[in-house]
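Encoded as structure tokens, the structure appears first; notes follow it.
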Amino acid sequence: MENNFDKGSALSIFGSDRKEDFMALAFALIIAFSVYFAY
Amino acid sequence: MVYTKKSPALFIIGVIMLAIWYAAGNGMLDGYMEHLAAGKKYKYGAELMSIPMYFGLLSVVIGAWQWFGNHTEGAWDYYSSTVAGAMFILLIAMLVRWFIAPEVAVISMSMGKVGDTGKYIHKLLGLNYVVMGIVAGIVIVNVFKVPEWAKNGVRVSRLGLKTGVILLGTLYSAAELKNLGGLSIVMIGFFVLGSVGMVLWMGARRNIPNSMGGVLSAGMGVCGVSATVASAPVVQAKSVEIAYTIGTILLWGVGCMFLFPIIGNLLGMSYVQFGAWAGTGILNSAQVAGAALAYQPDGIETLKVAEIFNITRVLILPIIVLWLAVWYVKREENVTETVNVGQVIFAKFPVFVLGFILLFALSTTGMFAPANHYKGKYFDNSNVKASKMMTDEQIAVLSANAHLVQREDRKVALARLIDGRKIATIDDDATIRGLANSKVMGKESGKILKKAHKAVRHTAKKIKAFRNWITWLFAFGLVGLGMQITISSMKQAGGQPAVIGGVVGLTKAVLSLVVVLLVVSETI
């Protein structure tokens, strides 16, 4: 896919891999704790 | 640049989701769901009643705003514009999970089971949501093109994959380490690292891009899809390279699954030997199980050994990611041997793999399921309900057929079961499961034994919920990944990955066979 975005890259909306990693970690922890308290 | 497109697309996606929810809730899909369930209960009924409603409402509200609102440049515009593409991917993932994958399963089941494997062809070929999600994405991008309004959102698919990999940590626990023998650690360690090294070496000689070599090495060395997804960002792999790796692994595994049992029988391998070989040489978990069951349809000893080898591979994953991180930086930046490994690791090591380790550690504490669980299943015979204890009639049936049992360990486990009316220990549980599979006691006894097994095996609700999340995140991520793969990019990647994968896979299969035959003498 062409990189026609002025932010992020062709593969990610985030400026750096590390930022994307932290977002993924945040989402995963939110899911993990939601599951922990919901079930 | 303003990213939000003034388009009705997201609004329409929301309406479609709400229509699916409404149709399912009002019984309009009952006939079709019955067809997809193929005589069983349709698995996704509860999901159909809730998920499309939540996401449908969200899409309608944001879609109306995108369609009619005024948009100005800024962070809000940038991030909210991804919702349209993300919901488009999610809608495709919904259709794949709820309708397309079950339809393929129905067609496959109508064709009957394959030989001794006891499995249907779609299971053996790995035709699940992973493959179908990627294919759906590839078809959309190549036949219809990704619409302008969805382009920004397609780029969030990798975020979904990373989140899924982190959550994978919840499915395992360190208690499994206790079961790993020294042999499995040494063999898997040697062959995983050996395969990774060999792919990287061959890749360099054949001039494939470092990103392709890196992701293929993890896929061929560790365990298929999860390893491929986990290592891809470290080596900045392109979507087409990830898809090629998954394709190579699945194709290679299909060949092995049929060949391994034939070779095992020709060589007269013991169950332990075959389990060790299959667990080392075959890459995909389902395919390892298929080969093990094909080799020993009447018990689970082979399957147990193969599973232990399989788990060992997953646990090596963080080490491989670390290696690839350092390797990639050295190769790409042409740095000399003096590279500061510590700095590279600090700068490049993917935080999401640390997340996987963090959730693995939390899972080990017993936070999500009893600490001895494996993929959410655990043994507990302390709270068997009175209704699930064996009845006098069942005891009578088992006692009448007990003389048919030949193996000493099975006789002992059966005697203990008859005495206590429930399975006594985790080892007895494995033995009884093998006895049920062997069918030596006849159909009725087999059913009773399976009931006894189910009474002491429990599935943790939390782990079941995690598995659902992981499935959705992977389905979402892989549909999006497929949408980034064009025919021209596939042509560009060429056939090299398949050649390298084949050579490395064959070398690993042959060498591990030799090692197993020389080192493993234990027989069952």
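The values are calculated or read from the model by the stated rules, or taken from the named source; none is laboratory data. Please read all numbers here as calculations on a predicted model, not as lab measurements. Every residue, glycine as well, gets a Cβ built from its backbone with ideal geometry; the counts of neighbours run over all protein chains shown.
Just a few scattered comments:
- Top-ranked residue in the range B:477-493 [being within 12 Å of chain A (Cβ to nearest Cβ) and in a helix (DSSP H, G or I); ranked as nearest to B:G164 (Cα to Cα)]: B:G477
- The set of residues in the range B:47-93 that are more than 20 Å from B:G133 (Cα to Cα) and within 14 Å of chain A (Cβ to nearest Cβ) comprises B:S50, B:Y54, B:E73, B:G74, B:A75, B:W76, B:D77, B:Y78, B:Y79, B:S80, B:S81.
- Subset of the range B:261-271 (residues that are assigned to a helix (DSSP H, G or I) and touching a residue at least 60 places away in the same chain (Cβ under 8 Å)): B:P261, B:I263, B:L267, B:Y271
Rundown of residues vs (1) hydroxyl-bearing (S, T, Y); (2) outside the structural domain of B:E301 (by TED's automatic domain parsing); (3) touching a Ser or Thr at 6+ places or on another chain (Cβ under 6 Å), yes/no style:
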site	(1), (2), (3)
B:G366	no, no, no
B:S387	yes, yes, no
B:N401	no, yes, yes
B:D428	no, yes, no
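- Members of the range B:493-524 found to be in contact with a helix residue (DSSP H, G or I) (Cβ under 6 Å, 6 or more places away or on another chain) and modelled with pLDDT of 80 or more, listed by number: B:P497, B:A498, B:I500, B:G501, B:V504, B:G505, B:K508, B:A509, B:S512, B:L513, B:V516
- With respect to the conditions (1) closer than 29 Å to B:F260 by Cβ; (2) more than 14 Å from every other protein chain (Cβ to nearest Cβ), B:E103 lacks only one, and its number is (1).
- Residue among B:V222, B:V165, B:V229, B:V156 that is of a type in the set (V, I, T) and more than 13 Å from every other protein chain (Cβ to nearest Cβ): B:V222
- Contact annotation: residue pairs with Cβ atoms under 7 Å, 6 or more positions apart or on different chains, pairing a residue in the range B:348-364 that is at the interface with chain A (Cβ under 8 Å from one of its Cβ atoms) and closer than 13 Å to A:L29 by Cβ with a partner that is part of a helix (DSSP H, G or I) and basic (K, R), are B:V351/A:R18; B:F352/B:K162.
- Residue in the range B:4-11 that is touching a residue at least 24 places away in the same chain (Cβ under 8 Å) and on the phi > 0 side of the Ramachandran plot present: no
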